[in-house]
């Protein structure tokens, strides 16, 4: 960006923190101004941040975005690792604004990161986003002043900003997790975290490569590097129960024809549990005969995507025996694609490693076939974890050493809660959110936090989040936040602050909903992730997007029941 001067942090071999991207800005105008005052400050320029910028501006509020990266797109500016792409189809994965979709067409039903970057550039051309964005701007501290009725926000480069409303459009995956393996700085090869991947291509031809982790990014990098790398080792702790993507090219003609129905489709995505254009089968698993079940599974499998997750029988995430039926079908389909019997048991074991769907599945095109290549190897780290990096590679606990040239660290994120605890947020009592949430996250409605007046978050803790298509959750929560702010403005309210008892009640509700499902049986992103020492608890509302929308709307109608309302 031409606004940048020197970077605020010292150069490192590889990036590990958002502040590595902070910069001292030469231009001090517009959203980069010193001592800026606005009505609303939005953190993050992905789907959530862009949605909030437009909707709040449309309501007449002076709004800006602070974005740690160098452009709009959120995840899709950060995620440029080989094979990076989205796991939701279009048009369910896009904004519902007619002025945007009427002038845009996609190359395929599952866009890759380049397509999504182009899309966000198109959104900017149509509605003007970047003029109100400060890039390479990392929030490191924020506290609400009850006397003034405003947030005081500090960024890594030392700028201060005041805003009546602070909106965290930071999503669930903005705090990367890199295990503290000894020796990473000694490694003389190339190493990058998947979400801090460099823009320039990393050459893997004739190189000895490794991928650590088999989540979504690990699966996608494996598919990209499998045909290219000289030798590839995939370090797996838990098998990924991935689903067929069914990616295909889209023609302009078919998209233009379908756009007539987009308004109805965008309403329909909010009527289904996961915010997709499909939902649960009305029947329970054992309402059907074995033959009928097989035919049903086959039809859902054929259509691909997340249908074989949230469009199965309605008891699939509730009934253990029903769940086993869906896993057995998955295993049968997947095992047939893996040639080596030993690898078959590691990648798609007969006995399921956890209940199917209690970890968010990844979508794949030819992931399992990569392991049929002589150059691709699976390294099982379940009982033999990584001990350390050396100058030449990776050593496991049993002493096995792997000589390597290039390493992709695909270990994911401190999911959902880590996004908010890394911003230096302080409550009106002076406590830090980072410390408050050590014993567990607490929100009211999955959009507000007690002690943090006029602060709202989207696609974060205690919302539908990981159980929902991103743009759907953003639209449902974003409209609610905009309407809440409009209500505050129209009624001469200085600030609202979620009541502690309301937050306690909401958390209890989130836990009770979760306890009806199979989610608590597995350490997963839904239960706080696998960060060592992190509390084991549900972090997502598991009642589905339609029920969630009704609940938060009812709460907005009864504002004073859940919030302390302070008049100006």
Handout entry: Inter-site label distance for residue 284 and residue 554 at 7 Å from Cα along Cβ, in nm
Key = 2.5
Handout entry: Rough spin-label spacing in nm, given labels placed 7 Å along Cα→Cβ, for residue 188 and residue 260
Key = 6.6
Practice task
State the antiparallel share, in %, of DSSP beta bridges confined to the chain, rounding to the nearest 5.
Solution key: 45
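Compute the convex hull volume of the Cα atoms of the chain, divide it by the residue count, and report the result per residue in Å³ as a whole number.
Value for the chain: 150 Å³ per residue.
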Exercise for the section: Rounded to the nearest 10 degrees, what's the angle between the helix 320-335 long axis and the longest principal axis of the chain, both from Cα atoms, 0 to 90? Expected result: 60
Practice task
Measure nothing fancy, just the Cα-based angle from helix 500-515's long axis to the longest principal axis of the chain, in degrees from 0 to 90, nearest 10.
Solution key: 20
Practice task
Could you rank the peptides 214-226, 127-139 by their average count of other C-beta atoms within 10 Å per residue, with the highest value first?
Solution key: 214-226, 127-139
Completion exercise
Rounded to whole angstrom, the alpha-carbon centroid of segment 334-374 lies from that of segment 104-168 at a distance of 38
Fill in the blank from the handout: Scoring segment 267-356 by relative contact order with C-alpha pairs under 8 Å, at least six apart, yields a percentage of 25
Practice task
May I ask for log10 I(q)/I(0) of segment 352-510 at q = 0.13, 0.16, 0.20 Å⁻¹, from a Debye sum over the Cα atoms as equal point scatterers with solvent left out?
Solution key: -0.84, -1.03, -1.33
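By how many nm would the segment from residue 340 to residue 516 grow when fully extended, if each residue of separation counts as 0.36 nm and the alpha-carbon distance is taken off? Mind showing how you got there, number by number?
Values: separation 176, 0.36 × 176 = 63.36 nm, distance 3.83 nm.
Here the answer is 59.5 nm.
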Practice task
Run a plain Debye calculation on segment 267-356 (Cα atoms as equal point scatterers, no solvent) and give log10 I(q)/I(0) at q = 0.20, 0.21, 0.23 Å⁻¹, rounded to two decimals, same order as the q list.
Solution key: -0.98, -1.05, -1.18
Practice task
Give, in nm to one decimal, the length gained when the segment between residue 115 and residue 148 is fully stretched (0.36 nm per residue of separation minus the Cα-Cα distance).
Solution key: 7.5 nm
Practice task
Taking every pair of Cα atoms in segment 13-125, average 1/r, invert it to obtain the Kirkwood radius, and report Rg/Rh to two decimals.
Solution key: 0.99
Exercise for the section: Can you tell me the 0 to 90 degree angle between the C-alpha axis of helix 113-127 and the longest principal axis of the chain, rounded to 10? Expected result: 20
Exercise for the section: Return, for the Cα atoms of segment 137-230, the radius of gyration and Dmax in Å, separated by a comma. Expected result: 19.9, 64
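Give me the number: length gained by fully extending residue 428 to residue 24, i.e. 0.36 nm times residue separation minus the C-alpha to C-alpha distance, one decimal in nm.
142.5 nm
No lab work stands behind these numbers, since they all come straight from the coordinates. Just so you know, these numbers come straight off a predicted model, no measurement behind them. Neighbour counts are summed over all protein chains in view; Cβ atoms, including those assigned to glycine, are modelled from backbone coordinates with ideal geometry.
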